[in-house]
Amino acid sequence: MNKKLNKIVFYSAMALFVGRGSNMLAQQSRSEIALEKKVDSVLALMTLKEKIGQLNQYNGSWDVTGVPSDIDNKTKLEKLKNGEVGSMLNVLTAEATRDAQRLVMEHSRLKIPLIFGYDVIHGYKTMFPIPLGESASWDLDAMKKSAEIAAKEAAASGLHWTFAPMLDVSRDARWGRIMEGSGEDPYLASVIGVARIQGFQGNDLSNPFTIAACAKHFAGYGFAEAGRDYNTVNIGEHELHNAILPPFKAASKAGVATFMNAFNDVDGVPATASTYLQRKLLKEQWGFDGFVVSDWGSIAELIPHGVAKDKLQAANIAIHAGSDMDMEGRVYEASLKTLVDNNSVDIALIDDAVKRVLRVKFRLGLFDDPYRYSNTKREKEQVLTKEHLGIARDVAKKSIVLLKNESNMLPLKKKLNSIAVIGPLANDKDTPIGNWRAQGEKNSAVSVLEGIKEAIDGKTKINYAKGAELSIGARSFLQPLTINTTDTSGFDEAVAAAKQSEVVVMVLGEDAFQSGEGRSQSQIGFAGVQQDLLEAVYAVNKNMVLVLMNGRPMEITWAAAHVPSILEVWQLGSEHGHAVADVLFGDYNPSGKLPVSFPRAVGQEPFYYNHKNTGRPFANGEVTFSHHNDVDNSALFPFGFGLSYTTFKYSDITLSASKFKTGEHITASVAITNTGKVKGREVVQLYVRDLVGSLARPVKELKGFELVDLNPGETKTVSFNITPEQLQYYTANKKWETEPGIFHVFIGSDATVKTFKPLEFVND
Ligand code: NOJ
């Protein structure tokens, strides 16, 4: 074995210990050693063909019980029976997973159970808000709970593993998959990612109500150039470490079972081919001992990337780089044996990858009972329950962000004489389910119109008009979306409805399939004829609330300047309309805060609050400073922003000391008072600016937040602990370290907070 391989094997073994933290309990380490023995004992029995099989993942959207009609599926069946498949994705229902598992358990030589994966992104059948929307709650407990319910339902349907959470930080609203993450901030993405992992995995993967999580896409996918999905990523090493990797590092530390690599290249190196990311960083430095699955076909895509001339070379590069499992790429199954036979790939490399897969299977308890998840009775009882819908409504209402509320127009009275509910999305029961909807049924959400009808006084007249169609024709994951750009025939009815009503609730935004994978856009305003509809209705009734449903920050400059009240409601899942009505009528006082900045114009993208100052920060209208001629540099609605039906007053910041050094910490406190008339929740945010560093530092960075519930007139003190570790970054020394100097400490209600206290970190 060569030196490099020796190192790989050594690090894998070490990962079991280091990866779980240095304070690992003795009991845990004993069980890890026992686990390793079991893994080794299985490995010792395996032929090379069987080993390669464990690294092979097939798509399973086919009827495993019936006789497959095409050759491809026949081959798949035979391979399953021969133990040449380690995992399947998209095999759905307890019955189908049981049938597929049975093929392996009854026919294969070693009976190594399959692991079934699926994209359970924001719910399995009970749908929760899309991840970006849910992140606007900043409520880690609520997000953990929604992941826990999603896991419970998925597990009840025979699944072991979700390809979530997506941890890609994204600063570009054009990128369709921004809906699937937690926005633009690496700290927020880290804590939300960990909460979701804890929700999916619980404390024990062998508990049949939990499933394995997957930290994806490792790494850089959210920084695609021009926000165009799958596009190349060009960022420097420091930015990679400071802006992109923190959520992945946090996930690894939190014990996420698996990682998925990414489609994109970073500076010319496809993530799937990156030894630096997968081996050096993830497996060696971070001590990750689970496995890395490729993204769909991403090993084969090393060929079109132009770094491999054929499948053989692609497999060679990927296995050396640390991609353990080949998702539907058919490259490992076609090439690894040849590569071992011709000595291009050392068997130790294959063994390491196989052990990683087996470890996760053991942790899931699959060797104890390969069918433990596939139970039709449980599936019937534990999916889409009333209790789950109640939890979905709770998370949904907490995810809504009040962007504007001129003259306190909201909340609306339940005893209005008349209310117009207008817009292509007003009675849409499908868009709230969002993209990446797993088994969320088409048209199964409560629409805004339905929610309003249930909430109001029976005597209020509702004047509903669709006004226009947003999209025409088919709407599904793979079909391109056709937007209605011409048909205004419904405008008259909408205008008439508005004229007859006291208040207009205008429901506009994006179709469910305008965001998600492959759904990037060059424009982020209202698609189709929506802007015209909005202006036509506004012309006859200005007493308007705009309810925005969307999967990305949108360009809503006109609406922000004219419409008195705006609610950002995203796509909230099954209970969408109920949650919207809860907020519209004041049964819930909105508490959400934006996890992404809303730009004034799409040309500002990528747009994010934690940018560098540049050598020429724009201040006094001078021409030769960093700005656009035609738009203000500031956000239309900044990161962290969200109003409430009450108001909050912040006191000055108190620091427990103005200087500190290694081993010490500082407490930063403020008193918050509810100065309005109703109970409310404020998300108190801590930001820091590192004034002088070995590298240019962001103008502000989120370092912590607290959710505070306050009754009218009530004051609470919120304190944050600041440690030297929190002030670390990946410096010019290519190390995570805290550099001495002055930091500004800000506490406030969004990223534009101005008041700060200086704090000095000194070398000992
Ligand atoms: C491709 C996507 O990029 C990834 O996120 C997903 O998990 C896989 N397809 C499987 O559906």
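The values are calculated or read from the model by the stated rules, or taken from the named source; none is laboratory data. What you see is a predicted model; the values in this text were computed from it and never measured. Note that each Cβ is placed from the backbone with ideal geometry, even for glycine, and that neighbours are counted across all protein chains shown. Each accessible area value is taken on the protein alone, full model and side chains, heavy atoms only, with ligands, DNA and RNA left out. Shrake-Rupley method; radii C 1.70, N 1.55, O 1.52, S 1.80 Å.
Annotations
- Top-ranked residue in segment 260-282 [being of a type in the set (Val, Ile, Thr) and assigned to a helix (DSSP H, G or I); ranked as farthest from residue 213 (Cα to Cα)]: 275
- Among residues of segment 261-298, those that are farther than 24 Å from residue 181 by Cβ and either within 15 Å of the ligand (Cβ to nearest atom) or in contact (Cβ under 8 Å) with a residue 60 or more places away in the chain (or both), counted: 4
- Every condition in (1) of a type outside the set (Gly, Ala, Ser); (2) open to solvent by 20 Å² or more (accessible area, probe 1.4 Å); (3) closer than 22 Å to residue 697 by Cα is met by residue 587 except one, and the failing one is (3).
- If you filter segment 283-310 down to residues that are assigned to a helix (DSSP H, G or I) and hydrophobic (A, V, I, L, M, F, W, C), you find that the one that is surrounded by the most Cβ atoms within 10 Å (Cβ to Cβ) is 302.
- Count of residues meeting criterion [touching a helix residue (DSSP H, G or I) at 6+ places or on another chain (Cβ under 8 Å) and either open to solvent by 40 Å² or more (accessible area, probe 1.4 Å) or not β-branched (Val, Ile, Thr) (or both)] in segment 331-360: 20
- The one condition in (1) within 23 Å of residue 698 (Cβ to Cβ); (2) open to solvent by 10 Å² or more (accessible area, probe 1.4 Å) that residue 227 fails to fulfil: (2)
- Of all the residues in segment 501-511, those that are closer than 19 Å to residue 566 by Cβ and outside any strand (DSSP E or B) number 3.
- Selected residue (only one of 126, 93 is touching a residue at least 60 places away in the same chain (Cβ under 8 Å) and at positive phi): 93
- From 536, 498, 468, 494, residue being open to solvent by less than 50 Å² (accessible area, probe 1.4 Å), in a loop (DSSP other than H, G, I, E, B) and modelled with pLDDT of 95 or more: 468
- Positions within segment 149-183 being open to solvent by 10 Å² or more (accessible area, probe 1.4 Å) and among the β-branched types (Val, Ile, Thr), in sequence order: none
- Residues (within 16 Å of the ligand (Cβ to nearest atom), under 30 Å from residue 522 (Cβ atoms) and of a type in the set (Gly, Ala, Ser)) located in segment 227-260: 227
- Listed by position, the helices (runs of 4 or more DSSP H) inside segment 122-226 whose residues that are at pLDDT 95 or above and within 15 Å of the ligand (Cβ to nearest atom) number at least 3 are 186-201.
- Near pairs, Cβ below 7 angstrom, 6+ apart or cross-chain, from segment 474-499 (over 30 Å from residue 461 (Cα atoms)) to any residue that is loosely packed, with under 12 Cβ neighbours inside 10 Å: 482/473
- Taken together, the residues in segment 632-651 that are farther than 21 Å from residue 680 by Cα and open to solvent by 60 Å² or more (accessible area, probe 1.4 Å) amount to 2.
- Taken as a whole, segment 576-585 holds no residue that is outside any helix (DSSP H, G or I), within 26 Å of residue 437 (Cβ to Cβ), of a type in the set (Phe, Trp, Tyr) and not assigned by TED's automatic domain parsing to the domain that holds residue 122.
Quick grid of which residues meet (1) farther than 14 Å from residue 667 by Cα; (2) loosely packed, with under 15 Cβ neighbours inside 10 Å:
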{"residue": "701", "(1), (2)": "yes, no"}
{"residue": "707", "(1), (2)": "yes, no"}
{"residue": "714", "(1), (2)": "yes, yes"}
{"residue": "718", "(1), (2)": "no, no"}
{"residue": "724", "(1), (2)": "no, no"}
{"residue": "731", "(1), (2)": "yes, no"}
{"residue": "735", "(1), (2)": "yes, yes"}
{"residue": "748", "(1), (2)": "yes, no"}
{"residue": "763", "(1), (2)": "yes, yes"}
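- Residue in segment 319-335 that is among the basic types (Lys, Arg) and within 16 Å of the ligand (Cβ to nearest atom) present: yes
- Restricting 229, 289 to residues that are at pLDDT 95 or above, under 16 Å from the mean Cα position of the chain (by Cα) and among the acidic types (Asp, Glu) narrows the list to 229.
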